[in-house]
């Protein structure tokens, strides 16, 4: 017989040899709670497996504990966004106000998520800055200056193309880029040897611009 203490201010209890190794008993309520926890964990894992197969959900998301087995986290995925315009295809950076959409696409690049982002990109107001000829042109040359500025705006670096609010558009300073389509492509990094990685296309999609900018 073994003596045990139940804490300060409590009665001394005893444990017999037959008590040692006895399995704990559960009441009906305890069993129900255990079953609910098991069902909840199973549901999370099933949802993660479905999301991985249907929309390339990152193993780091969705409760799948994949972070312990892969480097394929949203932070290690690459996003290429391209707009096809009247001056040719231009690789652009997504505007900051679409940051949540970009994060969603990187974490779960489903067809719907990619098309939603592409549609928003295609229907932004994209502009380049017009060269300033005011300092070298006389008022009589104003028409020629405008035509030259528009022509030179067609030869731009992609880094100079930006999205602005419609209310901020100034025809004297901006050349509006006519967008036909936006393409979104997601890549993930895969090991390529011991110390290097290579981007591998994971998913992609596109969306057309709405003629006239009527999004209603």
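Where a number appears in this text, it was derived from the coordinates with a stated rule and is not lab data. These numbers were taken from a predicted model, which means no experiment stands behind them. When we count neighbours, we look across all protein chains shown, and the Cβ atoms used for this are built from the backbone with ideal geometry, even at glycine.
What list do you get for 90, 164, 114 if you sort them by fewest beta carbons within 10 Å? Let's see the in-between values first.
On the way: 90 20, 164 15, 114 25.
Sorted ascending by nearby Cβ count, the order is 164, 90, 114.
For segment 83-134, taking Cα atoms only, Rg and Dmax work out to 13.9, 49 Å respectively.
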